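The values are calculated or read from the model by the stated rules, or taken from the named source; none is laboratory data. Everything numeric here is computed off the predicted structure, so don't read it as measured data. Reconstructed Cβ throughout: ideal geometry from the backbone, glycine too, with neighbour counts over all protein chains shown. Note: areas computed on protein heavy atoms with side chains; ligands, DNA, RNA excluded. Shrake-Rupley method; radii C 1.70, N 1.55, O 1.52, S 1.80 Å.
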Amino acid sequence: MLVKNCKIALSDNREVLRDILIEDGMIVKIEAQIPLTESGKAEVVDAGGKLVLPGVVDPHTHMRDPGLTHKEDFTTGSMAAAKGGVTTFLDMPNTLPPVITLDLLLDKKKKAVGRAWVDYGFYFGGAKSDNSAEIPKTRGLVAATKVFLNVSTGDMLVEDLDILERIFRNSELVAVHAEGEMVDRAIGLCEKTGVPLYLCHLSLASEVKSLEAAKAKGLPVYGEATPHHLFLTREDMEENEHTRQFLRMKPELKEKSDVEYLWRAVRSGVIDTIGTDHAPHTIEEKTSKLTSGVPGVEHSLELLLTAVGEGKITLPRLMQLLSEKPAEIFGLGGKGGLKEGKHGDLVIVDQTDRGPVEEDKIISKSGWTPYGKLKRGGRVLTTILRGRVVYDRGKFYGPYGVEIACGK
Ligand code: DOR
Ligand code: ZN
Ligand code: ZN
């Protein structure tokens, strides 16, 4: 595939026009003018001078498959991803059954084959029953071991410190749901075992400070922020009965001062990645019982582009957070950036299309968005996966997604 007339942002924040040639799914050349003759009989896509970004790598999604497929499944979740410019996602283990044995992991993998519209990888789950002996068997098969240090959706809380330590020691990388003081507990385990740690969805200023201190000590600790903790506050949640139900998630939305601190860390590089924590529940569930979690893959990129428009973050920095860094941290071979040698995963964006987030065009089975009040900073027109169009102006092509190599 030859993608002509792409506006791309260089690391020094300059914007230039380039053509991008993709062969066998890989970017082989990025130059000012690549003649059609060089592309042989390649498909030509004209980006028409619009912004072209690397495909988003979303390190944190709950696609609910198997067992919770009334909320989302591999097909709908990956289509929603494609629409949002996400070309790779990592799926969390709190499905039904939870992914806490090698057999269950292999089952989940088998069920996903041929159903994904973008590329994907999986987490393995640490269990309170102590499944640490299973973890070495998952080496090279998963992005990381995920451990819940606080109660959340699913029954995956691990409290016993000895079990936690064994889970750490047997893992190559541990991702945690940890809030408040639990962040410090997780960092302590990283320090004690030397095993790299990924802190999911940091939201409190104090948590970010713990991450900062850990990094200053030279510990291998990484931090993630979510779009909902960057764009919404406790005030939005407390507005009325409806928002109290729908904007309920874990960690909860925070005060303005925390949100400001988080933005600063996102800009400065203390925060490494933005993951959506795409956690769909149906409208019926959100209104009839207490459920934590909000969908996100469809709108994360379009929302974050408003921050670029407002000068809150630069495009090169955003691309690091959304693509380069997650690919690097989780060892996602071939993913992570617009560079020769990387996968041909591209998103063409119309920066002039800045309407409201549409609540009536949702692809996710959940059928709603927490961002209905907010504006888009652009629109994803086209998503390209390894040199094939998978989404273009409302139409889907595929499914061409495959599981990608994960881990170091
Ligand atoms: O709000 C949340 N929802 N937080 C989590 O940690 C889990 C997630 C879910 O799976 O629903
Ligand atoms: Zn979580
Ligand atoms: Zn999550």
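Computed quantities for the displayed model
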| quantity | calculated |
| --- | --- |
| Distance in nm between pseudo-label sites at residue 102 and residue 350 (7 Å out along the Cβ direction from Cα) | 5.1 |
| Probe 1.4 Å, protein heavy atoms only - accessible area per residue of the chain in square angstrom | 38 |
| Pair-distance profile P(r), taking every C-alpha pair of the range 102-215, with 10 angstrom steps and integer % | 14, 44, 31, 11, 0 |
| Dipole magnitude of the chain about its Cα centre (Cβ charges: Lys, Arg +1; Asp, Glu -1), debye to nearest 20 | 640 |
| Antiparallel %, DSSP beta bridges [both residues in the chain], to 5 | 50 |
| Linear extension gain, residue 260 paired with residue 133, 0.36 nm per residue minus alpha-carbon span | 41.6 nm |
| Stokes-Einstein D in µm²/s, Kirkwood radius over Cα pairs - the range 290-346 at 25 °C with 0.890 mPa s viscosity | 189 |
| About the Cα centre, charge dipole magnitude for the range 325-401 (Lys/Arg +1, Asp/Glu -1 at Cβ), debye | 60 |
| For the range 231-282 versus the range 361-399, the gap between their alpha-carbon centres in whole angstrom | 21 |
| Between helix 300-309 and the chain: long-axis angle, C-alpha atoms, 0 to 90°, nearest 10 | 70 |
| Whole-Å semi-axes of the ellipsoid equivalent to the chain (Cα gyration tensor, √5λ, descending) | 32, 24, 21 |
| Once the Cα gyration tensor of the range 62-113 is diagonalised, semi-axes √(5λ) in Å | 20, 11, 9 |
| Equivalent ellipsoid dimensions for the range 264-408 as semi-axes, Å, which come from the Cα gyration tensor, largest first | 25, 19, 18 |
| Over the range 7-68: Kirkwood hydrodynamic radius from C-alpha pairwise inverse distances, Å | 14.4 |
| Two-decimal Rg to Rh for the range 1-133 - Kirkwood Rh, Cα set | 1.12 |
| Dipole magnitude of the range 274-408, debye to nearest 20 (Cβ charges: Lys/Arg +1, Asp/Glu -1, about Cα centre) | 180 |
| Carbon and sulfur %, accessible surface of the chain computed with the full protein complex present, 1.4 Å | 51 |
| Extension gain from residue 285 to residue 239, taking 0.36 nm per residue of separation minus the Cα-Cα distance | 14.6 nm |
| Coil-residue GluC sites (Glu not before Pro) of the range 169-277, DSSP, other Cβ within 10 Å capped at 16 | 238, 239, 252, 255 |
| Links that overshoot a 25 Å alpha carbon limit, given the list 342/365; 128/215; 83/256; 137/250; 209/254 | 342/365; 128/215; 83/256; 137/250 |
| Computed P(r) (all Cα pairs; the range 307-384; 5 Å bins; percent) | 3, 13, 16, 21, 19, 17, 9, 2 |
| Candidates 14, 248, 115: whichever shows maximal mean-square fluctuation once the chain is modelled as a Gaussian network with Cα springs under 10 Å | 14 |
| Spread of Cα-to-Cα distances over 10 Å intervals beginning at zero, given as percent, for the range 161-224 | 24, 60, 16, 0 |
| Extension gain (nm, one decimal) between residue 339 and residue 219, 0.36 nm per residue minus Cα-Cα | 40.3 nm |
| Dipole-positive endmost among 44, 149, 355 within the chain (Cβ charges, Cα centre) | 44 |
| Under the Debye formula (equal points on every Cα, no solvent term), log10 I(q)/I(0) of the range 90-138 at q = 0.13, 0.22, 0.31 Å⁻¹ | -0.29, -0.77, -1.31 |
